[in-house]
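In what follows, a structure is listed as structure tokens, so that the remarks can point back to it.
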Amino acid sequence: MSGSGLQKFSAALLDLGLECRVRILPDTTRSARDAASAIGCDQSRIVKSIIFKALDSNTPVLALVSGSNTVCLKKLSEIHGAALGKANAEFVRSATGYAIGGVPPVGHTRMIDTYLDDDLFAHATVWAAAGDAHSVFEIETGKLLAATLGTQADIKNLSP
């Protein structure tokens, strides 16, 4: 199953000059556990794309987090320099052009301040959503950092 999100994301890869093969999977990749199972890799190699909302400016902030971690909102807010809150599905779609469960790390409707979990860099390559809940792509971690114009940071929760 592929849709307009996958097509939009594939076009964004070309625009960014990234040569990544997108895999369309029969099983859902909506959660990190689902994606790791469908791909056959460790959950820590899955990139969770989580959108937050800066409370002072109502702008999106993207956390790219290892699939085995959760985001520490306090750490992320401090690093970003503004209080952040949860974003609802409508805000996520408006900010990125994609639905929750298929938000890729790049190719959004606007530039988004992006922070990458330090733990992603334990892997040479990671897997991320490719625009819908059945599509993923593999990318070198350093290329992901460069493509997002993001900041590598300690943003994970220390407790499960």
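So the values come out like this:
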quantity	calculated
Filtered residues of region 118-151 (kept if within 18 Å of LEU16 (Cβ to Cβ) and of a type in the set (Gly, Ala, Ser))	ALA128, ALA129, ALA130, GLY131, SER135, GLY142, ALA146, ALA147, GLY150
Yes/no for ASP154 being closer than 21 Å to GLN43 by Cα, of a type outside the set (Lys, Arg) and touching a helix residue (DSSP H, G or I) at 6+ places or on another chain (Cβ under 8 Å)	yes
Any pair with Cβ under 8 angstrom, 6 or more apart, that starts in region 64-80 at a residue that is more than 19 Å from THR29 (Cβ to Cβ) and in contact (Cβ under 8 Å) with a residue 12 or more places away in the chain and ends at one that is of a type in the set (Ser, Thr, Tyr) and in a strand (DSSP E or B)	LEU76/TYR115; ILE79/TYR115; ILE79/THR151; HIS80/TYR115
Helices (runs of 4 or more DSSP H) wholly inside region 1-86 that include at least 2 residues being under 23 Å from ALA153 (Cβ atoms)	32-39, 73-80
Hey, LEU73 more than 17 Å from GLN43 (Cβ to Cβ) and modelled with pLDDT of 95 or more or not	yes
Number of positions in region 88-114 that are assigned to a loop (DSSP other than H, G, I, E, B) and under 16 Å from ALA54 (Cβ atoms)	5
Restricting region 39-92 to residues that are polar (S, T, N, Q) and more than 19 Å from ASP119 (Cα to Cα), the residue that is surrounded by the fewest Cβ atoms within 10 Å (Cβ to Cβ)	SER57
Qualifying residue in region 44-59 (condition: farther than 14 Å from ALA129 by Cα and without any contact (Cβ under 8 Å) to a residue 24 or more places away in the chain)	yes
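The rows are residues; the columns are (1) crowded, with 17+ Cβ neighbours inside 10 Å; (2) at pLDDT below 95; (3) of a type outside the set (Gly, Ala, Ser); (4) closer than 18 Å to LYS8 by Cα.
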position	(1), (2), (3), (4)
ASP117	yes, no, yes, no
ALA122	no, no, no, no
THR125	no, no, yes, no
GLY131	yes, yes, no, yes
SER135	yes, yes, no, yes
GLY142	no, no, no, no
LEU149	no, no, yes, no
ASP154	no, no, yes, no
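The values are calculated or read from the model by the stated rules, or taken from the named source; none is laboratory data. Predicted model, so just to flag it, every value in this text is computed and none were measured. Cβ sites come from the backbone with ideal geometry, for glycine too, and all protein chains shown count toward neighbours.
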